[in-house]
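Chemist: My questions will all concern the structure given below.
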Amino acid sequence: MRSSTFLLLSIVGICGAVLNAAAWSVNNFLMTGPKAYLTYSSSVAAGAQSGMEECKFQFGWERWNCPESALQLSTHNRLRSATRETSFVHAISSAGVMYTLTRNCSMGDFESCGCDDSRNGRVGGRGWVWGGCSDNVEFGERISKLFVDALETGHDTRALINLHNNEVGRLAVKATMKRACKCHGVSGSCSIQTCWLQLADFREIGNYLKMKYDQAHKLEMDKRRMRAGNSADSRGATAETFHHVHSTELVFLEDSPDYCTRNASLGHHGTEGRECLQSGKNLSQWERRSCRRLCTECGLRVEERRTEVVSSCNCKFHWCCTVRCEQCRQLVAKHFCARRDAAVANHTKRRNKGHKR
Amino acid sequence: MAGAIIENMSTRKLCIVGGILLVFQVIAFLVGGLIAPSPTTAVPYTSMKCIDVRKNHHKTKWLMPWGPNHCDKLKDFDEAVSRQIEANDIVFAVHIPLPNKEMSPWFQFMLFIMQLDIAFKMDNDLKENAEITLDVSLAYRDGMFDDWEEIAHAIEIRKLKCTFGSPKTLESEGRHYDCDFLPFMEIGSVAHKYYLINIRLPVNERKGINVGIGEIKDIRLVGIHQNGGFTKVWFAMKTFLTPSILIIMVWYWRRITLMTRAPVLLEKVIFALGISMTFINIPVEWFSIGFDWTWMLLFGDIRQGIFYAMLLSFWIIFCGEHMMDQNERNRLSGYWKQVGPIAVGSFCLFIFDMCERGVQLKNPFYSIWTTEVGTELAGLIFRFKFLMLITLACAAMTVIFFIVSQVTEGHWRWGDVTIQVNSAFFTGIYGMWNLYVFALMFLYAPSHKNYGEDQSNGDLGVSSGEELQLTTTITHVDGPTEVYKLARKEAQE
């Protein structure tokens, strides 16, 4: 999954600084965790990273394409916003952290996953030999909550919304889990059967949350009570409103800004210079309309550029680690969004911009 | 001496006996539901990708996924590409159990299934009917710092059955195939504390080994073992039930030998049923705690098979005794047509079981389901669950609880009390069969009361017309008991 996301990103043209920026924003996650949980920090960082990669994949052909700044924004109190997009970022990053922690648990990365002392005295808490341990997912959920929710220090409506969306992300991991069973009775009969839940592909969690993003629920607050400034009052209003929201629904407070245009203060680059897909087989409706969505509807025109791409082809693959490829040259037509006027003059400038990103 | 106890006992006493048996039945369910944990646990393991440095250093044969002497790990295969590591240098290592835990003999058995995460790539697609060749080895040790001792090493071939849910386009690259899980390993005893599995996927293009199996991202194993708590409850139950069935068996046979006539076939069959139940009951599994007896799983299967075959034979003879002609009765040879197939069927199952569990004694990675013959047999035998289906008398209970255990999550919560439904199912059904055999022996033992003493006995489920028949058909005292004759009458009608 990671490699494909990376592939896609390089097609779009965002290379270079991506990883550095990611590391910077991911570090925010680590600063919040209690010191006792330092062992989990690398997994948490990797999880947040995989969440962002998935976000980039899911929003590859949208006006807002999940820039790295999205994760930073959510952690900088001053610039916090609660749009539909930030709700997705919150959900996918907390899901990514939970997913990675759960997965690394089964790799033996941590000393105690489902079997720690916190379960003593509870059902199945009589230990590993007596009744086995609880699911690793519960552990992942707990630690993810510890790290990701700790980022939210505020107590206002936005904080509540962010915490809610974090929870939606964690619930998405659970909701997409698959139940698998194995029969092991006499001669393989099903008289004895053992079932367990296993994590889905992270892409599936991404798809699930994208669907939730499309159905996200705007929280209509009683504006007058909010503006009154009385925090207790506003909290009461928030609690009242949250009452109607289902726990698996993403929630946002503000309408999204216009992502067509560049807005440095909000941290988005606009759609100028973005690649879009116009023709080609096996494109979904959504992808085929990406040029209209990114360029035409934003007042930009579609520019076609033909480039010669050297790629490896006719490869003989092993299950891991490629061997023996031929170099093929291919003429590829790519489409980019460009300004309607002075297309030629802007050409070099745009390129630079693309590179810088 | 005439008639069985069931014919001569008063309704009140019969109800008391039934009530007591019912109480024990309820206790059997409660033991599983309230005391025992769920019968088995599935533990997911994700293998660590280790780099095999053996070629260079000749240091150690075994690669550890974590701990003090862990191997040179790869985070993912992109790293392997950049470090120019080849597929043949990669070893998938799994340590059982996870850190800070130990395996225990109470787990009784371990079985592992394998799941492959194969990513889709446009130019490295999974071939049709692809086969994966695994070079697997298993080792154990009992101390954290001991050397690993090899248990088994084998080269196994497994068929990949994978589907891809999305269209095979560039966009879907990186998505995983949906693959059926593969049987990986089965061990009949858990005598050691730590186990280590090393899996290699050797590539040989000339011989076509491990070519066209797509891009493998991860190997995951799921380890299934019996819960220690369940084993303890199970053993306790066995230890308690063995003497009770044994005592009633002795009592039953003494009653029969006290009679002037030779025992009839049905009585012998009931006795044989008692013997097979006792055979299941005897808690020889206690030895598995101290000894490394890997054949215990096979032995358990055999015991269970004998009991079911015996039960089936009993039912056939029981029905037959009431339907066949007078002159053919009371001889086992009269039933060869019915009992023969049972014997043949059970023998086939035994051979089949030997083929899998028997071979697994030598090679724990062997699985008959992956062989050509095995997959064909699986059509035949997998659905051939007559062993479960013949449980006619207790079928209602068994089926209800079976369904409940399949549908529910394994335990129910009632306030603070958690009920382990699956355990309740196992202990309950087990208790039920014991009680069944117990009741059978008790009720069909010859009565010492004189016949006719309990004429008030009208609750046998027969109409008054046949009750009359009951009193008039006594011709010879030492013949088969009345119930049989009666049932035959009904059958003929």
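The values are calculated or read from the model by the stated rules, or taken from the named source; none is laboratory data. For clarity, every value in this text was computed on a predicted model and none was experimentally measured. Glycine also receives a Cβ, built like all others from the backbone with ideal geometry; neighbour counts cover every protein chain displayed. These area figures cover heavy atoms from the full protein model, side chains too; ligands, DNA and RNA do not enter into them. Shrake-Rupley method; radii C 1.70, N 1.55, O 1.52, S 1.80 Å.
Chemist: Mean separation of Cα pairs under 8 Å and 6+ residues apart, divided by the residue count of region B:42-226: what relative contact order is that in percent?
Modeler: Reported as a whole number, the value is 36 percent.
Chemist: Now a separate question. Sorted by accessible area with a 1.4 angstrom probe, largest first, how do B:Thr257, B:Thr169 fall?
Modeler: Listed by decreasing accessible area, they come as B:Thr257, B:Thr169.
Chemist: Could I have the simple spin-label model distance between B:Val26 and B:Asp146, label points 7 Å from Cα toward Cβ, reported in nm to one decimal?
Modeler: Between B:Val26 and B:Asp146, the label points sit 4.9 nm apart.
Chemist: I would also like to ask the following. Once the piece of chain linking A:Arg292 and A:His217 is laid out straight, how much longer is it, given 0.36 nm per residue of separation minus the C-alpha distance between them?
Modeler: Residue separation times 0.36 nm, minus the Cα-Cα distance, leaves 24.4 nm.
Chemist: Can you compute the FRET efficiency between B:Phe318 and B:Thr11 using 1/(1 + (r/R0)^6), with r the Cβ-Cβ distance and R0 = 25 Å? Round to the nearest 0.05.
Modeler: Rounded to the nearest 0.05, the efficiency is 0.60.
Chemist: Among residues other than A:Leu171 whose Cβ falls under 12 Å from its Cβ, what is the net charge (Lys/Arg +1, Asp/Glu -1)?
Modeler: Once positives and negatives cancel, what remains is +1.
Chemist: What residues have an amide H closer than 5 Å to that of B:Val190, excluding those fewer than 5 places away on the same chain, when H is modeled at 1.01 Å from N in the peptide plane?
Modeler: Those qualifying (amide H under 5 Å, at least 5 residues apart or on another chain) are B:Gln108.
Chemist: For chains B and A, what's the summed buried accessible area, probe 1.4 Å, to the nearest 100 square angstrom?
Modeler: 5900 Å²
Chemist: Separate question: Give me P(r) over region B:42-226, computed from all C-alpha to C-alpha distances, binned every 10 Å, as integer percentages.
Modeler: Per 10 Å bin, starting at 0, the Cα pair percentages come out as 9, 35, 36, 17, 4, 0.
Chemist: Please give, to one decimal in nm, the separation of the simple spin-label points placed at B:Val344 and A:Ala175, each 7 Å out from Cα toward the Cβ.
Modeler: Each label point is offset 7 Å from its Cα along the Cβ direction, giving 5.6 nm.
Chemist: Something else now. How high is the FRET efficiency from B:His70 to A:Asp156, r the C-beta distance, R0 60 Å, rounded to 0.05?
Modeler: It comes out at approximately 0.85.
Chemist: Let me ask something additional. Give me the accessible area of B:Arg254, 1.4 Å probe, in Å² rounded to the nearest 10.
Modeler: The value for B:Arg254 is about 140 Å².
Chemist: Express in Å², to the nearest 10, the accessible area of B:Phe181 obtained by rolling a 1.4 Å probe over the protein heavy atoms while all chains stay in place.
Modeler: That residue has around 60 Å² of solvent-accessible surface.
Chemist: For region B:142-192 and region A:271-316, write down the distance between their C-alpha centroids in whole Å.
Modeler: If you average the Cα positions of each part, the centres end up 39 Å apart.
Chemist: Between B:Val53 and B:Asn363, with labels modelled 7 Å along Cα→Cβ, what's the label distance in nm to one decimal, could you check?
Modeler: With each label point 7 Å from Cα toward Cβ, the separation is 3.3 nm.
Chemist: Given a Förster distance of 56 Å, report the FRET efficiency between A:Thr307 and A:Cys195 from their Cβ-Cβ distance, rounded to the nearest 0.05.
Modeler: Computed FRET efficiency for A:Thr307 and A:Cys195 comes out at 0.60.
Chemist: To the nearest 10 Å², what's B:Lys193's accessible area with a 1.4 Å probe?
Modeler: 80 Å²
Chemist: Quick one: which residues, 5 or more positions from A:His268 or on another chain, have an amide H under 5 Å from its amide H? H modelled 1.01 Å from N in the peptide plane, none for Pro or chain starts.
Modeler: Those lying under 5 Å, H to H, from A:His268 are A:Asn263.
Chemist: Next up: Cβ under 12 Å from A:Val309's Cβ, A:Val309 left aside: what net charge do those residues give with Lys, Arg +1 and Asp, Glu -1?
Modeler: +3
Chemist: Sort B:Asp146, B:Asp301 by heavy-atom solvent-accessible area, probe 1.4 angstrom, most to least.
Modeler: Most to least solvent-accessible, the answer reads B:Asp146, B:Asp301.
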